[in-house]
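> Below you will find the structure I want to go over with you.
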Amino acid sequence: MSRASKGTLAHLAALAVALGVAAAGHADAQHGHGAGHDHRAAPPPRFEPPAPGSYELPPVGRVGAHELLGRGGEPEPLLALAPGESAFVSFVYLSCPEACPLATASLAELDTALAADPALRDRVQLVTVSFDPARDTPEAMERLRAGLAPSTDWRFLTAASPDAIAPVLRDFGQDFVVLRGPDGDWTGQLRHVLKVFLVDDRGRIRNVYSTGLLDPRLLRNDALTLLGEAAPAQGAP
């Protein structure tokens, strides 16, 4: 395993324990770097997510069909959802110091919850996509998957090139900025806002989670809410 992969997994292990750390304490993590971040920040009171089905998740956007690279570098669809299924899609890059490991650690906790829930186990997909395909090859994404040893069919995708991932990022509204030093050279870091997207079987974005709302309990309840939607009441096209 590469040094970058080991470092990422170390962050995941630490952040999985600290999922309740205050959102304000992760302000820098939202931008993909950790300057001034205090891991000793006191955790906030844990909010209680609303009960599944007690609220609605109106569509906030729509994404089209995209094909990326999966295991072994083989092309596969970003979303391949059957009727009634949904997916949580996270965009990361493997050398990210805090924000991306936090997103992946949250999905790892959700992965465990999904595997234990017969109602959701085969109806909810987890998809992690790299927006740094020049460095995050299919082999690197597979090493991350192997290190996490997911309990569900959690997929880890990348693209053939930055140009190939660009339309996907535009479709989801996941932008980033290349950070450069005083000499103009790339620092290796990317500034971005942490986002995880809940997408239904019609390609509609039903919720977007950033640091303050990235609670695996809320994600699970949102998935149950979508699962409980009656087909005639699924909303406008």
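> Note down the net charge around residue 71, summing +1 for each Lys or Arg and -1 for each Asp or Glu among other residues with Cβ under 15 Å from its Cβ. Present the calculation step by step, with values, prior to reporting the outcome.
Details: positive: 143, 145, 155; negative: 67, 74, 76, 136, 139, 142, 153.
Result for the neighbourhood of residue 71: -4.
> Let me ask something else. Just to confirm a number: summing +1 for Lys and Arg and -1 for Asp and Glu over residues other than residue 200 whose beta-carbon lies under 13 angstrom from that of residue 200, what do you get?
Numbers: positive: 62, 123, 202, 204, 206; negative: 56, 85, 201, 222, 229.
In short, 0.
> Shifting gears a bit: Between residue 202 and residue 117, with labels modelled 7 Å along Cα→Cβ, what's the label distance in nm to one decimal, could you check?
Distance between the two pseudo-spin positions: 2.2 nm.
> Let me ask you something else. Once you list every other residue whose beta carbon is under 10 Å from the beta carbon of residue 109, what net charge do they have if Lys and Arg are +1 and Asp and Glu are -1? Mind dumping the intermediate values first?
Working: positive: 217, 220; negative: 111, 215.
So the environment of residue 109 carries a net charge of 0.
All of the numbers you see were taken from the coordinates with simple rules; none came from a lab. This one's a predicted model, so the numbers in the text were calculated from it and none came from an experiment. As a convention, Cβ positions derive from the backbone with ideal geometry for all residues, glycine included, and neighbour counts pool all protein chains shown.
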